[in-house]
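Report on the following structure.
The values are calculated or read from the model by the stated rules, or taken from the named source; none is laboratory data. Here the structure is a predicted model, which is why all the values come from computation and not from measurement. Every residue, glycine among them, receives a Cβ derived from its backbone with ideal geometry; neighbour counts consider all protein chains shown.
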């Protein structure tokens, strides 16, 4: 847990837990923390990296490592993730979330709790998943979203991911909230899209919050605003 009352050594290495807000990109968060630390510590360079990307439209746990602790990033990333995802049934979007406008609508009146429960069972265990075209997956050295945003069609290969558990936490049709525990590399946007297809309807993501990465929990995280407002305490204590 981040605690401004203890001594921090950002060059030797620290693991910082942040509760990322809406609109912040993972890159934004890393840049802001790095620049603020360098300015406050009066140094020119500091290694800062994140252990797992979150889309700007997602909130929740992001882990930043500084200094020599950046060597821990890969092991932290390999930890199991937990998300709360809100899915809207009856429509799809090209990005599988609210970044883009709806491109198709579908009937969802045939969907009930029993059908949802049975359908979600198909998505537990090892599954094959195609990442969204609006994603950071690299294709010929470029990010897939660069092709998608310029209108170029690309095909991404399916990859194996592991969904440990899916639990329905709220049903208010056409919205459904689920709690997902999954492996590294899982795209919850793709999961939402695929669930919609399996229900003979459509679906896209309208809310996503990450609450766990391995043994790290959102309850121990702070906002970037709190960190920046108290950065002198973190650096000088």
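Numbers for the structure displayed
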| quantity | calculated |
| --- | --- |
| Condition met for residue 185 (over 19 Å from the mean Cα position of the chain (by Cα) and not assigned by TED's automatic domain parsing to the domain that holds residue 62) | no |
| Count - residues of segment 62-84 that are touching a strand residue (DSSP E or B) at 6+ places or on another chain (Cβ under 7 Å) and in a loop (DSSP other than H, G, I, E, B) | 2 |
| Single condition residue 37 does not satisfy, out of (1) under 30 Å from residue 173 (Cα atoms); (2) in contact (Cβ under 8 Å) with a residue 24 or more places away in the chain; (3) not in a loop (DSSP other than H, G, I, E, B) | (1) |
| Filter result for residue 68 (more than 19 Å from residue 213 (Cβ to Cβ) and surrounded by 15 or more Cβ atoms within 10 Å (Cβ to Cβ)) | no |
| Any hit, segment 21-31, residues being under 23 Å from the mean Cα position of the chain (by Cα) and in a strand (DSSP E or B) | no |
| Candidates 109, 88, filtered to the one that is surrounded by fewer than 16 Cβ atoms within 10 Å (Cβ to Cβ) and either outside any loop (DSSP other than H, G, I, E, B) or without any contact (Cβ under 8 Å) to a residue 40 or more places away in the chain (or both) | 109 |
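Residue-by-condition table, conditions (1) part of a loop (DSSP other than H, G, I, E, B); (2) loosely packed, with under 13 Cβ neighbours inside 10 Å; (3) at pLDDT 95 or above:
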residue: 102; (1), (2), (3): yes, no, yes
residue: 114; (1), (2), (3): no, yes, yes
residue: 131; (1), (2), (3): yes, no, no
residue: 155; (1), (2), (3): yes, yes, no
residue: 170; (1), (2), (3): no, yes, yes
residue: 178; (1), (2), (3): no, no, yes
